[in-house]
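Visitor: Dropping a structure here in structure tokens format, bear with me for questions.
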Amino acid sequence: MKLRTTLNEALNLRQIKLFTILFFSCVAMSFAQTVTGTVTADGQPLPGATVLVKGTTTGTSTDFDGNFSINADANSTLVFSYVGYATKEVAVGNQTVINVVLEADNALDEVVVIGYGTQRKSDLTGSVSSVSAEDLTVVPVSRVDQALQGRATGVQVTQVSGAPGAGTVIRVRGGNSITGSNEPLWVIDGIVVGTNFNLNNINSNDIQSIEILKDASSIAIYGSRGANGVVLVTTKSGRGAGTGKPQVSVNVYTSSQMVPELPHMLTQEEQIDYTNEDAAFRNTAIPFPNDPSTYPDNDWFDLIMGTSPIYSADVSISGATDNLNYYNSISYFNQDGIIKSSALERFVFRSNLDYTLSDKLKAGFRVNYSRINQDNGVVGFNSAFGTLRTQPIFNDDGTYSGFNDVIGAPFNNPLAAIELNTNETFTNNLLATAYLEYSPIENLVIRSTFSPEFNNIKQNRFNSSQLPGLLALNVPDGGEASVRSVASTGWNNENTIQYTTDFNEDHSLVALAGASFQKVTTETATAQAFGITSDATGFNNLGFSDPARATITSDFDGFQIASFFGRLNYSYKNKYLLTLVGRTDGSSRFAPGNKYEFYPSIAGAWKITEEPFMQNQNVFQDLKLRASWGKSGNQAIEAYRTLGLLTEANTTLGGAELPGLTIGRPANPNLKWETTSSYDIAIEASLFGGKVFTEFNYYYKKTNDLLLDVTIPRQTGFTSQLQNVGSLENKGWELMINSTNISRGDFTWGSTVTLSKNENKILDLGGAEFIDVTVDEILGSDNTRLIVGQPVPVFTGARYLGTWKSQQEIDASGFTGPAAVGGARFEDVNGDGIISTEDYVIAGDPTPDLIFGVENNFSYKNWDLSFYFQGTVGNEVFNLLMRNNYFNRGETTKFGGIADRWIQGVNETSDIPRAGTDTVGGIPPNTEYIEDGSHLRLRSVRLAYNVPVDTWGLNGVKDATIYFSGSNLLLLSSTRLIDPEASNFGRNGLGNIAQGYLGGQYPNPRILTLGLNVTF
């Protein structure tokens, strides 16, 4: 009985405990809530991530689209984790939707976009640099390429000018061509848009990431288009927004652009002295005989420039359901230039949608429409260099001045041009892609895309009949106007099939095959009229002109490309990786027999840290060695370049001139692709628990069958013909270090350093030792050369030795050419007594010895601070203004250093030539034109405050950031024009090789920005 009583008591006690547990569990459940959300990383959903209620065993995993659902009470904390990513904890509170972005705990586990797919960086066998959306938006820019400077190793980005909407020159591991383009291929959401796509059409805030493919393994999948590198742009989708209600993001900012430091020029009084000395030396009338105070003192830089604003606003709506994700945005951007009459206004609409029709079928589209209104500017920065401070703005009667008394001729008054002239461009662009993706069986995906592009450009230009320079001639000639229209239509069709499989546990295989077809046509029409009788209509009625002088031109251009490609990625034990790529391209630009070319590549990688002997060390979290080889091409010629060219050639018949045609260019059906073979070896390492990631690359590239104009016998009727001759090489190294220096409590400090060096050398010029390149008709053709064994190009000229100090020095030198005491002296290299091209030496080249970028990011509680430096070392620049603004006559403004010139009886030891001596013997291109282009620029500084929305009680607001940033706030440089980062010849044509030339380009402004980003 006692035993039974004891057992009953025990059972009753157990029942009481069980009841108590059940009771409190029910109470807890009554306070629990269902929390849903999405886990993403690197802009992509993260399937299989673990979501756990902290301190319990309650948990779940995310599905294929990164979505999860879990029960948790308000006092709980959810723990999100995934292999290779830092664990993140989020307090539930009153939240029912929690979207989490996991940061890579190891840089090698980041997901990057590659050609026709994605891969973890740890599985890459090729060289790919990534730039995130965060990096792109640190500095507000009008074009995405402007944000790439210094961000990727092996990539040199040079701003063409500081004008609104101005582009850049990009070189990925150096230039591979002399005649053809050296710009990389741009691919936007899988759409091949070419090398000259106007990036003003894209809103930077719509971009999720940018990947730059650099070596043969990564670019071979693009075959003939990839020799100069490939830039992949991926725009945002709704996957990161999570399920539930739509996510709305608003980004607004306003900027103030300020005139940067300007070149040091002579003051008004100093310029008067120089101009008078110049006239006295030439025995002409003294232009300024009176006291300097009696003449105007106009700062023409200040008159045409000033502080100007930027306004930007964009709104995006994104979201996702089980079957649908979407991202829609609209943006407005308005920038007035710091030079009057220059501006850019842009509207962009984007819609991205992905829809899962069934377990096996998906579809989607990407649509981007842009409208750009651009004022191209009617005066240039260099106009201020050609106008003396003493030149009056207005005549005595209040009209604009249009006559230069110093030279006795009309001049172009910049302020009159700004008021009276027009130069504007309107661009409408539609870029779209639609895809269908079918998976008939597990691991097999068939995908087809169709991508049209429509581009319409209209440029209106008008020069007034009331320009004071024209009125000064007293010969009424009317105005001049032109209207130019460009209509371009293209489409691209991509078809791929991919199969992924794992077998025998140790083997993994991804096989891709595809076909690509593209066609682009462009039509251009231009009408130009002269003698327009009324400014009232301007370019709007070209009929109000002299019909005998009107000109009409038109042009048609088009090409087609057909491609077939394949890629095989193999992994053994996730330790040894192999990639094989092959692509065959056929282009309409070449004649039959040379239309098709095959481009192969092979690459391998070894994950050293997966080896058993690396398991007991704690230095390397990951260590990978990789190498690649392959070929890529460059269809570096214009359409129809293999054919002869018809040109206008009038003839006389029966005493009357009749229009006619003749062959102006010889055909060459033997033209073929330029081909680049490249090798790459690299090591990637994640050290000290992922706190430091570093990557070092060494590469070598050789381009054969360069396209060059070769001299041919005159008996053919021509002087030259484009042929495949010559070769050049590029070799160099790249180093990137990304580190978390401090991470303690609320404070973190991270740094990124990028270093790159490229050596470029010409190996063969078809038997010629050198080729002269004409960059300036006045300077002649001997200041820039392509020389075997030297970079592309080199600057050449006479070596400047200073000034002749006395007549005795001239007589003793053996120099027999014209010379003057105090005049410029040059080295007579061959000792023949004169200065000629035979005496020219290599004075420098525009290729830097080192390109670098350094970024530091600090975070303390809700505050973020970052600053970013970039620059170059060891490059030279060619100052094209030296001829007129240093050596030549006193009719143009002179650099400030001229104040220390040779003056008889005052400063006879100076090595700066005396005024007027340029008329004695002339001034050849010389080493004084060449300046050190090394520079250090504080590219950006950004201070941001992340608003604690919960603490502030901002219901409905998920995130809010207020920031203040500055761009181009500091520049250290020794060039006379202050900023060495410009390109006088742009990026195409002559600018393809003639980089490093400064001609007074539009300066880069200093910019202060105040902005707000809010997500609801």
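Visitor: Identify, from the list Ala994, Ala982, the residue that is closer than 29 Å to Asp206 by Cα and surrounded by 21 or more Cβ atoms within 10 Å (Cβ to Cβ). Outline the logic, then answer.
Guide: Details: Ala994 fails: closer than 29 Å to Asp206 by Cα.
After ruling out the rest, the residue left standing is Ala982.
Visitor: Kindly indicate which of Ser678, Ser743, Ser739 is surrounded by 19 or more Cβ atoms within 10 Å (Cβ to Cβ), under 28 Å from Val131 (Cβ atoms) and not β-branched (Val, Ile, Thr). Step through it out loud before you land on a result.
Guide: On the way: Ser743 fails: surrounded by 19 or more Cβ atoms within 10 Å (Cβ to Cβ); Ser739 fails: surrounded by 19 or more Cβ atoms within 10 Å (Cβ to Cβ).
Result: Ser678 is the single residue among Ser678, Ser743, Ser739 that is surrounded by 19 or more Cβ atoms within 10 Å (Cβ to Cβ), under 28 Å from Val131 (Cβ atoms) and not β-branched (Val, Ile, Thr).
Visitor: If you don't mind, there's one more thing I want to ask. Name every residue in region 198-227 that is crowded, with 24+ Cβ neighbours inside 10 Å, in a loop (DSSP other than H, G, I, E, B) and either acidic (Asp, Glu) or modelled with pLDDT of 90 or more (or both), in order of residue number.
Guide: Passing the criteria: Ile202, Asn203, Lys214, Asp215.
Visitor: Look at Glu480 and say whether it is of a type in the set (Asp, Glu), under 39 Å from the mean Cα position of the chain (by Cα) and under 14 Å from Asn421 (Cβ atoms).
Guide: Yes, satisfied.
Visitor: Next question. Search region 859-876 for residues that are in contact (Cβ under 8 Å) with a residue 24 or more places away in the chain and under 30 Å from Ala843 (Cβ atoms) and pair each with any residue that is assigned to a strand (DSSP E or B) and among the small types (Gly, Ala, Ser) when their beta-carbon atoms are under 6 Å apart and the residues are at least 6 apart or on different chains.
Guide: Gln870/Gly853; Glu876/Gly844
Visitor: Can you confirm whether Ile842 is over 19 Å from Arg282 (Cα atoms) and crowded, with 19+ Cβ neighbours inside 10 Å? Outline the logic, then answer.
Guide: Numbers: over 19 Å from Arg282 (Cα atoms): yes; crowded, with 19+ Cβ neighbours inside 10 Å: no.
So Ile842 does not fit the description; no.
Visitor: Now, a different point. Can you say whether Leu388 is surrounded by fewer than 20 Cβ atoms within 10 Å (Cβ to Cβ), touching a residue at least 24 places away in the same chain (Cβ under 8 Å) and closer than 30 Å to Gly896 by Cα, as far as the supplied structure shows?
Guide: Values: surrounded by fewer than 20 Cβ atoms within 10 Å (Cβ to Cβ): no; touching a residue at least 24 places away in the same chain (Cβ under 8 Å): yes; closer than 30 Å to Gly896 by Cα: yes.
When the stated conditions are applied, Leu388 does not pass them.
Visitor: Find all pairs meeting these conditions: Cβ atoms under 6 angstrom apart; at least six residues apart or on different chains; first residue within region 736-758 and at pLDDT below 90; second residue of a type outside the set (Phe, Trp, Tyr).
Guide: Within 6 Å, the pairs are Asp746/Lys861.
Visitor: Among residues belonging to region 781-810 that are among the hydroxyl-bearing types (Ser, Thr, Tyr) and surrounded by fewer than 16 Cβ atoms within 10 Å (Cβ to Cβ), point out the one that is farthest from the chain's Cα centre (by Cα).
Guide: From region 781-810, those among the hydroxyl-bearing types (Ser, Thr, Tyr) are 781, 784, 796, 800, 803, 806; that's our starting set.
Keeping just the survivors that are surrounded by fewer than 16 Cβ atoms within 10 Å (Cβ to Cβ) gives 781, 806.
Working: Ser781: 30, Ser806: 52 Å.
Only one residue tops the list, namely Ser806.
Visitor: Looking at region 89-107, which of the residues that are more than 17 Å from Thr36 (Cβ to Cβ) and part of a strand (DSSP E or B) is modelled with the highest pLDDT?
Guide: Result: Glu89.
Visitor: List the pairs whose first member sits in region 897-915 and is free of Cβ contacts under 8 Å to residues at least 40 places away in the same chain, whose second member is β-branched (Val, Ile, Thr), and whose Cβ atoms are under 9 Å apart, counting only residues at least 6 apart or on separate chains?
Guide: Asp900/Ile912
Visitor: Collect the residues in region 954-979 that are at positive phi and either surrounded by fewer than 20 Cβ atoms within 10 Å (Cβ to Cβ) or among the small types (Gly, Ala, Ser) (or both), keeping them in residue-number order. Walk me through it before giving the result.
Guide: To start, the set of residues in region 954-979 that are at positive phi comprises 956, 968, 978.
Listed by number, the residues that qualify are Gly956, Ile978.
Visitor: I need the full set of residues from region 831-881 which are over 27 Å from Thr158 (Cα atoms), charged (D, E, K, R) and part of a strand (DSSP E or B), in order please. Full working, then the answer.
Guide: The first filter runs over region 831-881 and keeps only residues over 27 Å from Thr158 (Cα atoms), leaving 831-840, 858-864.
Checking which are charged (D, E, K, R) leaves us with 832, 838-839, 861, 864.
The answer is Asp864, and nothing else.
Visitor: Of everything in region 298-310 that's touching a strand residue (DSSP E or B) at 6+ places or on another chain (Cβ under 9 Å) and among the polar types (S, T, N, Q), which residue is farthest from Arg239 (Cα to Cα)?
Guide: Thr307
Visitor: Do we find a residue being modelled with pLDDT under 90, touching a strand residue (DSSP E or B) at 6+ places or on another chain (Cβ under 7 Å) and assigned to a strand (DSSP E or B) anywhere in region 727-735? Explain how you work it out, then say what you get.
Guide: Step one: list which residues in region 727-735 are modelled with pLDDT under 90, which gives none.
No, region 727-735 contains no residue that is modelled with pLDDT under 90, touching a strand residue (DSSP E or B) at 6+ places or on another chain (Cβ under 7 Å) and assigned to a strand (DSSP E or B).
Visitor: Yes or no: region 431-450 includes at least one residue that is surrounded by 18 or more Cβ atoms within 10 Å (Cβ to Cβ) and within 23 Å of Ala527 (Cβ to Cβ).
Guide: Checking region 431-450: not a single residue is surrounded by 18 or more Cβ atoms within 10 Å (Cβ to Cβ) and within 23 Å of Ala527 (Cβ to Cβ).
Visitor: Sticking with this one: Does region 740-754 include one or more residues that are on the phi > 0 side of the Ramachandran plot and not assigned by TED's automatic domain parsing to the domain that holds Gly174? Walk me through it before giving the result.
Guide: From region 740-754, those on the phi > 0 side of the Ramachandran plot are 745; that's our starting set.
Narrowing further to those that are not assigned by TED's automatic domain parsing to the domain that holds Gly174: 745.
Yes.
Visitor: Also: Take the residues in region 941-953 that are aliphatic (A, V, I, L, M) and not in a loop (DSSP other than H, G, I, E, B); name whichever of them is surrounded by the fewest Cβ atoms within 10 Å (Cβ to Cβ). Before you say what the answer is, go through the steps one by one.
Guide: Restricting attention to region 941-953, the residues satisfying the condition of being aliphatic (A, V, I, L, M) are 941, 943-944, 947, 949.
If we keep only those that are not in a loop (DSSP other than H, G, I, E, B) too, we end up with 941, 943-944.
Working: Val941: 19, Leu943: 15, Ala944: 19.
Taking the candidates together, the pick is Leu943.
Visitor: Kindly indicate which of Ala220, Ala152 is in contact with a Pro (Cβ under 9 Å, 6 or more places away or on another chain), of a type in the set (A, V, I, L, M) and over 23 Å from Pro1003 (Cα atoms).
Guide: Working: Ala152 fails: in contact with a Pro (Cβ under 9 Å, 6 or more places away or on another chain).
Sole residue among the options that is in contact with a Pro (Cβ under 9 Å, 6 or more places away or on another chain), of a type in the set (A, V, I, L, M) and over 23 Å from Pro1003 (Cα atoms): Ala220.
Visitor: Scan (1) touching a residue at least 40 places away in the same chain (Cβ under 8 Å); (2) surrounded by 15 or more Cβ atoms within 10 Å (Cβ to Cβ) for the single condition Thr501 breaks and write down its number.
Guide: Looking at each condition in turn, Thr501 falls short on (2).
Visitor: Oh, and also: Given Ile962, Ile903, which one is in contact with a Lys or Arg (Cβ under 7 Å, 6 or more places away or on another chain) and among the β-branched types (Val, Ile, Thr)?
Guide: Working: Ile962 fails: in contact with a Lys or Arg (Cβ under 7 Å, 6 or more places away or on another chain).
From the options Ile962, Ile903, the qualifying one is Ile903.
Each row is one residue, and each column tells you yes or no for (1) out of contact with any strand residue (DSSP E or B) (no Cβ under 9 Å at 6 or more places or on another chain); (2) under 30 Å from Phe365 (Cβ atoms).
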| residue | (1), (2) |
| --- | --- |
| Gly238 | no, yes |
| Lys245 | no, yes |
| Val250 | no, yes |
| Val259 | no, no |
| Pro263 | no, no |
| Glu269 | yes, no |
| Ser312 | no, yes |
| Tyr327 | no, yes |
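Visitor: Specify the residue that is surrounded by the fewest Cβ atoms within 10 Å (Cβ to Cβ); the eligible residues are those in region 535-586 that are free of Cβ contacts under 8 Å to residues at least 60 places away in the same chain and either assigned by TED's automatic domain parsing to the domain that holds Gly117 or among the aliphatic types (A, V, I, L, M) (or both).
Guide: Only one residue fits best here, namely Ala548.
Visitor: Oh, and also: Considering region 293-312 alone, what residues qualify as being buried (at least 16 other Cβ atoms within 10 Å of the Cβ) and farther than 21 Å from Pro263 by Cα?
Guide: Tyr295, Ile310, Ser312
Visitor: Next question. Which one of these is at pLDDT 90 or above, outside the structural domain of Asp189 (by TED's automatic domain parsing) and touching a Phe, Trp or Tyr at 6+ places or on another chain (Cβ under 7 Å): Tyr400, Tyr438?
Guide: On the way: Tyr438 fails: touching a Phe, Trp or Tyr at 6+ places or on another chain (Cβ under 7 Å).
One residue alone meets the criteria, Tyr400.
Visitor: Let me ask something else. I'd like to check something: does region 129-138 contain any residue that is assigned to a strand (DSSP E or B) and crowded, with 23+ Cβ neighbours inside 10 Å?
Guide: As a first pass, look at region 129-138 and keep what is assigned to a strand (DSSP E or B): 129-132.
Filter once more, so that each one left must be crowded, with 23+ Cβ neighbours inside 10 Å: 129.
Yes, some residue in region 129-138 is assigned to a strand (DSSP E or B) and crowded, with 23+ Cβ neighbours inside 10 Å.
Visitor: Would it be correct to say that Ile898 is β-branched (Val, Ile, Thr) and either in the same structural domain as Arg173 (by TED's automatic domain parsing) or surrounded by 20 or more Cβ atoms within 10 Å (Cβ to Cβ) (or both)?
Guide: Working: β-branched (Val, Ile, Thr): yes; either in the same structural domain as Arg173 (by TED's automatic domain parsing) or surrounded by 20 or more Cβ atoms within 10 Å (Cβ to Cβ) (or both): yes.
Taking the combined requirement at face value, the residue satisfies it.
Visitor: Take Glu480 and decide whether it is among the charged types (D, E, K, R) and more than 30 Å from Gly531 (Cα to Cα).
Guide: On the way: among the charged types (D, E, K, R): yes; more than 30 Å from Gly531 (Cα to Cα): no.
No: the conditions fail for Glu480.
Visitor: Just the residues that are farther than 18 Å from Met882 by Cα and not in a loop (DSSP other than H, G, I, E, B), please, taken from region 903-919. Before you say what the answer is, go through the steps one by one.
Guide: Let us first name the residues in region 903-919 that are farther than 18 Å from Met882 by Cα, namely 903-909.
Ile903, Asn907 - these are the residues of region 903-919 that are farther than 18 Å from Met882 by Cα and not in a loop (DSSP other than H, G, I, E, B).
The values are calculated or read from the model by the stated rules, or taken from the named source; none is laboratory data. Nothing here was measured: the structure is a model prediction, and the numbers come from that model. Here Cβ is always computed from backbone atoms with ideal geometry, including for glycine, and neighbour counts include all displayed protein chains.
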